[in-house]
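First comes the structure, then the notes that go with it.
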Amino acid sequence: MREDMDSAANCYGNDERERKLRKVKRAARSELSNSKGDWYKHGYAQSDICNTTGVEDHIPRIHWKDLSPEEFVERFERPRIPVVITGLADNWPASENWTPDLLKQLYGEHKFKVGSDDEGYAVRLPMSWYFDYMSDPLHGGRDDSPLYIFDGTFADREGSKPMRKDYEVPLYFQEDLFRYVGEKRRPPYRWFVMGPARSGSGLHIDPLATSAWNTLLAGHKRWALFPPGTPRCHVLPREQGVEREAVSWFSTVYLRAKEADWPTAQVVDLLQAPGETVFIPGGWWHAVLNLDNTLAVTQNYVSEANFERVWKHTRKGRPKMSQRWLGALEQERPDLAAKAHDLTIREDLECDTGSSSDSSSSSSDSSDSSDSSSSSISNKRQRPGSDAKARMQECTSERKEPFSA
């Protein structure tokens, strides 16, 4: 163990960079000790966690030239069906400019977010240092769940603002109704994303029922999805050994979900290649594991197709912002403002009568926030055993009506 730590120090010449890197790691994951080897205690770097042999991807793939915006809405967005659209990034400057050499040359000294500390403040690392971290066999090459650039301010901060000009929001996702709230008041919605193998995003549902798109420019990603209405207690159980990191989830819950007696919706697998854009409808659980060095851009958005669900979630979760949004819609989109007023009246009446047709607050929601019907769920017999009984009791006690399309 001591030899490993000495080698890690020598990798950076035992200089300030190594000390600061360790400080960043402590801030981003305070529960892990650098000196005790907690960052690589599971040995995932030596496992086959990134081996996708046998993974079956049945998500439809369509080139953008063969899919009009109107067809996208009717075939995928309204019924909430994931799809992979190809060719959208072919002419993006990012396809040429976002190489390791150019990124280090243009943004090497700029600090990008690689995590949050225990107080919720951003933990940042210079781009050039992050590339060193990724390639270091005793840091990014060995860590179970490496640090991951997931920067939601890259398009606003002076040092990285030019990156926003390197990509174009695809034609299917340009409506963006949250823009009426104002750029400074709207929730975070766009991210520059970069990370090595085993980094990624743990299982979650995107906040406020927003939908998302993710365009991969380099590397390969593995996705696991569950449809709206899938009970949280099965896919994200509160139990020892299931950590918040993607690599932990894929090593535990994902394997459980592939067993014959899995009691809820079947997991939907997706393998994303460079140049592909993944559409994730609102309400879908998803986890993402990077299989190699990856680089992507992603945004969440609101359109007419998902406006009702987003309005209901926003009114409950962000009441002050919802009122600002409503005021702006009354000026810019009176048709949607009228719909929001109608939804509010109906919800208030349902609350008064004690009934509810909306299940947006069900256990399918995350804490952060395939057939023709995204809400179809296979119900299989619960597995035997005390752990299974505990999970079933948890589901029974907390589950409400499924989130319906």
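The values are calculated or read from the model by the stated rules, or taken from the named source; none is laboratory data. Only a predicted model underlies this, so the values are computations on that prediction, with no experimental measurement involved. So basically every Cβ, Gly included, is an ideal-geometry build from the backbone, and we count neighbours across all protein chains shown. For accessibility, only protein heavy atoms count, side chains too; no ligands or nucleic acids. Shrake-Rupley method; radii C 1.70, N 1.55, O 1.52, S 1.80 Å.
Worth a mention:
- Residue count for segment 296-308 satisfying the condition of being open to solvent by less than 10 Å² (accessible area, probe 1.4 Å) and either over 14 Å from the mean Cα position of the chain (by Cα) or at positive phi (or both): 4.
- Of all residues in segment 46-63, those being open to solvent by 90 Å² or more (accessible area, probe 1.4 Å) and over 20 Å from Leu225 (Cα atoms) number 2.
- Selection of segment 162-176 for residues being assigned to a loop (DSSP other than H, G, I, E, B) and open to solvent by 40 Å² or more (accessible area, probe 1.4 Å) yields Glu168, Gln174, Glu175.
- Looking across segment 274-305, the residues that are assigned to a loop (DSSP other than H, G, I, E, B) and more than 19 Å from Cys50 (Cα to Cα) come down to Gly275, Pro281, Gly282, Gly283, Trp284, Val302, Ser303.
- Residues that are part of a loop (DSSP other than H, G, I, E, B) and touching an Asp or Glu at 6+ places or on another chain (Cβ under 7 Å) were ranked within segment 116-150; the one that is surrounded by the fewest Cβ atoms within 10 Å (Cβ to Cβ) is Leu138.
- Restricting attention to segment 90-115, the residues being among the hydrophobic types (A, V, I, L, M, F, W, C) and either closer than 25 Å to Gly202 by Cα or in a loop (DSSP other than H, G, I, E, B) (or both) number 4.
- Residue that is most open to solvent (accessible area, probe 1.4 Å), among those in segment 177-216 that are assigned to a helix (DSSP H, G or I) and aromatic (Phe, Trp, Tyr): Tyr180
- Residue match in segment 71-85 (condition: touching a Lys or Arg at 6+ places or on another chain (Cβ under 6 Å) and either exposed (fewer than 15 other Cβ atoms within 10 Å of the Cβ) or not in a helix (DSSP H, G or I) (or both)): yes
- Of all the numbered requirements in (1) open to solvent by less than 50 Å² (accessible area, probe 1.4 Å); (2) within 20 Å of Asn293 (Cα to Cα); (3) within 23 Å of the chain's Cα centre (by Cα), Leu21 misses one, and that requirement is (3).
- Check on Glu239, among the charged types (D, E, K, R) and out of contact with any strand residue (DSSP E or B) (no Cβ under 7 Å at 6 or more places or on another chain): yes
- For segment 233-266, filtering for residues that are open to solvent by 20 Å² or more (accessible area, probe 1.4 Å) and closer than 25 Å to Tyr148 by Cα leaves 12.
- Residues in segment 20-35 include at least one that is over 21 Å from Ile149 (Cα atoms) and modelled with pLDDT of 90 or more.
- If you filter segment 93-110 down to residues that are more than 27 Å from Ala224 (Cα to Cα) and in contact with an Asp or Glu (Cβ under 9 Å, 6 or more places away or on another chain), you find that the one that is most open to solvent (accessible area, probe 1.4 Å) is Glu96.
- Which listed residue is touching a strand residue (DSSP E or B) at 6+ places or on another chain (Cβ under 7 Å) and over 15 Å from Ala296 (Cα atoms), from Asp118, Asp176, Asp151, Asp101: Asp176
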